[in-house]
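The values are calculated or read from the model by the stated rules, or taken from the named source; none is laboratory data. Values in this document were obtained by computation on a predicted structure and should not be read as measured data. Every residue, glycine as well, gets a Cβ built from its backbone with ideal geometry; the counts of neighbours run over all protein chains shown. The area values use the complete protein model at the heavy-atom level, side chains included, leaving out ligands, DNA and RNA. Shrake-Rupley method; radii C 1.70, N 1.55, O 1.52, S 1.80 Å.
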Amino acid sequence: MQNMRRSIALSATLFLLSALPVFAAPPSVDVPSECTVIDTDAVAHTYAGQHLGICALEAARTQGIVSAYTLQNFSFGLFLQSLNGIVPGATEFWALYHNGVEASVGLTDLAVAQGDTIKFHLTDFTSNTQVGAPVEFSIGSLVATTNAPPPFSSGGGGEYLKGRVFDVPAALAFLADKQNSDGSFASSMLTDWAAIAFVAANDTVCSDTCNVARQKLRLHLFNAKPELSNVTDYERHAMALMALGINPYSETGADYITPIVAAFDGTQIGDASLMNDDIFAIFPLLHAGYQKNYRMMETIVAFILFKQQPNGSWEGSVDLTAAAIQALKLFPAQSGVAEVIEKAEQFLRRNQNESGTFGSNSFSLSWVLQAIASLGETPADWKKSGLTPLEYLGVLQQEDGGVEPMSVSVDTRIW
């Protein structure tokens, strides 16, 4: 009888246990110590030296745990704009939790350790209520990465890294290989920038494959109806259309210039706390009928001049400062421009390391090379340790023609 009671009790316990919901452990993500992410304005941000939440999010995407995300750059850092295709409503945001507690810092400042959990939950800040299911994963192994080549040779004898010629045809072939059958790339952002890249290639370096890719891009963008949310989206897309010889006012059945002009508030374009929308407005507007002496154009330039920081930069960014130089060089006669450009150039020079590059990746290096060209200078004028910035860009080019290590995501390499 006693054994029977034990058997019944055990059976009841097993029944109760089987009736309880089963909570699966969150998927695990291996996090590198270095990563590069791209914001909604197509600016790359590289983080290295420690394992951060931003690198955990990017690792979750590359490892298939998160399908997609977008990051918007504000003056205080990167802000998670969308996750898995879900864009928060007007009163919602993606709340970040670290080990079950709402994080006190953002993804770019959040240090993570093995076994930690990261959770994102859509939250309505007016009622402090959570919406839908959270997105959660744990931190698996912490991976040490060194993506950039060393600035000097490993021989120990003090020999400098030898520069390499950047192979433009190989880079174009890499891009063509990653192009979708309809002419697009993985996102409208990458598609627009690829269009500018292919058009920038002259006939000497653009092969038959390159020309086909260019024509496919033109046909795609002629018919595309991209979803554009920010003024910088309109600016970028207008530049891509004009590069391909497509009228951005009407030829595609949509007007991509008027929304840019409508974002002018009498002082600046778009968000007053940001500079990229003002800087990048210059390029399409000057090619869309707006002359340098128009009041709106002069006012935008004056706002850019006013927002230069004491160290010569804009927002402390090498990339944005290089872009600002390109925009301001188009207004040589406007008061104050020459002095501001000189300070900006000095900022870039101070941020060039001893190996001749800017940071550990190709993104800032590429922006600065564009600024060097707009300054009327050559990469040789910026030579350090026997290496020019252009030669260093050649060092970063891989065997398949693409740039950045093959271990990073394809989208990052395309950009």
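Points to keep in mind about this one:
- Among residues of the stretch 164-196, those that are open to solvent by 40 Å² or more (accessible area, probe 1.4 Å), within 24 Å of P389 (Cβ to Cβ) and not basic (K, R), counted: 8
- Cross-chain or 6+ apart pairs with Cβ under 8 Å, the stretch 38-59 first and within 17 Å of I139 (Cβ to Cβ) and open to solvent by 20 Å² or more (accessible area, probe 1.4 Å), then of a type in the set (A, V, I, L, M) and part of a helix (DSSP H, G or I): Y47/I54
- Residues (on the phi > 0 side of the Ramachandran plot and at pLDDT 85 or above) located in the stretch 26-67: G64
- Where S184 falls short, out of the listed (1) part of a helix (DSSP H, G or I); (2) modelled with pLDDT of 95 or more: (1)
- Assessment of the stretch 69-79 against the conditions (among the β-branched types (V, I, T), open to solvent by less than 50 Å² (accessible area, probe 1.4 Å) and assigned to a loop (DSSP other than H, G, I, E, B)) yields no matching residue.
- Test set (1) more than 29 Å from L274 (Cα to Cα); (2) modelled with pLDDT of 90 or more - F23 fails condition number: (2)
- Restricting the stretch 304-320 to residues that are modelled with pLDDT of 95 or more and either of a type in the set (A, V, I, L, M) or within 23 Å of H237 (Cα to Cα) (or both), the residue that is most open to solvent (accessible area, probe 1.4 Å): L305
- Long-range neighbours under 9 Å by Cβ, at least six apart or interchain, first residue open to solvent by 40 Å² or more (accessible area, probe 1.4 Å) within the stretch 109-137, second of a type in the set (K, R): P134/K119; E136/K119
- The number of residues in the stretch 256-303 being of a type outside the set (D, E, K, R), without any contact (Cβ under 8 Å) to a residue 60 or more places away in the chain and open to solvent by 20 Å² or more (accessible area, probe 1.4 Å) comes to 22.
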